[in-house]
Amino acid sequence: TAARIEIEPVPPAGSGPAKFEPGALLFTDRDYRLSERPELLANHSFLRTTIDNFGARVEGSGTLYALTPPETIDGAASQEESLRDLGFEKADIPVFQLFPGRINQVCVYRKSVEPGETFDFRKVVLLVAGEGVNLRPEEP
């Protein structure tokens with residue numbers, strides 16, 4: 001009989017860290033581009049993944065930022081409750097436009113993270129790495 005070869009899944013094209021700057025492609029499965037960026041998140045990278053479900057592993061300690069629509073926007077895919085349950089705290093940064101459309105405005109959460117921490121998210125969370133934090137996509 002033939003030997004069975006185990007092949008690791010190939011991550012979606014473009015997945016992994018990307019520079020968080022206006023015009024950046026935000027997701028691997030949508031053509032949405034960053035509209036605005038608060039100054040606090042300038043010169044940071046973000047984890048480009050699918051928009052719906054994704055996993056992430058932290059490599060490097062520091063502050064991890066998570067962007068999600070506020071619960072107050074009807075019809076928005078907010079993950080504020082999930083973020084609070086995971087120990088993220090809302091940052092004192094005004095809501096801003098992630099990409100066009102009212103339901104695509106986001107608020108910023110933050111959490112101090114350590115290497116080895118993993119997260120699984122549903123639509124819509126975008127992770128932005130603070131100084132010292134590296135993120136790696138993982139199967140959810």
Next item on the list: State which residue pairs qualify: first residue more than 20 Å from Ala129 (Cβ to Cβ) and in contact (Cβ under 8 Å) with a residue 24 or more places away in the chain and inside the stretch 59-79, second residue of a type in the set (Val, Ile, Thr) and open to solvent by 30 Å² or more (accessible area, probe 1.4 Å) in any location, beta carbons under 7 Å apart, and separation of 6 or more residues or different chains.
Entry: Pro69/Ile103; Pro70/Val95; Ile73/Ile103; Gly75/Ile103; Ala76/Ile103
Check: In the stretch 100-140, which residues are assigned to a loop (DSSP other than H, G, I, E, B) and under 18 Å from Leu40 (Cα atoms)?
Finding: Val125, Gly130, Glu131, Gly132, Val133
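Report, by residue number, each residue of the stretch 78-94 that is out of contact with any helix residue (DSSP H, G or I) (no Cβ under 7 Å at 6 or more places or on another chain) and either of a type in the set (Phe, Trp, Tyr) or open to solvent by less than 40 Å² (accessible area, probe 1.4 Å) (or both).
Here is the first cut: in the stretch 78-94, the ones out of contact with any helix residue (DSSP H, G or I) (no Cβ under 7 Å at 6 or more places or on another chain) are 78-92, 94.
Result: Ser78, Gln79, Glu80, Leu83, Phe88, Ala91.
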Next item on the list: Mind listing whichever residues of the stretch 89-99 are in a strand (DSSP E or B) and either in contact (Cβ under 8 Å) with a residue 24 or more places away in the chain or under 18 Å from Phe54 (Cα atoms) (or both)?
Entry: Phe96, Gln97
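Would you mind stating whether Ser35 is crowded, with 16+ Cβ neighbours inside 10 Å and assigned to a loop (DSSP other than H, G, I, E, B)?
On the way: crowded, with 16+ Cβ neighbours inside 10 Å: yes; assigned to a loop (DSSP other than H, G, I, E, B): yes.
Considered against the rule, which asks whether it is crowded, with 16+ Cβ neighbours inside 10 Å and assigned to a loop (DSSP other than H, G, I, E, B), Ser35 comes out as yes.
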Check: Restricting the search to the stretch 38-58, which residues are open to solvent by 40 Å² or more (accessible area, probe 1.4 Å), part of a helix (DSSP H, G or I) and in contact (Cβ under 8 Å) with a residue 60 or more places away in the chain?
Finding: Leu40
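The values are calculated or read from the model by the stated rules, or taken from the named source; none is laboratory data. The structure presented is a predicted model; accordingly, all values stated were derived computationally and were not measured. Positions of Cβ are backbone-derived with ideal geometry, glycine not excepted, and every protein chain shown enters the neighbour counts. The protein model used for the area step is the full one, side chains on, heavy atoms only, and it has no ligands, DNA or RNA in it. Shrake-Rupley method; radii C 1.70, N 1.55, O 1.52, S 1.80 Å.
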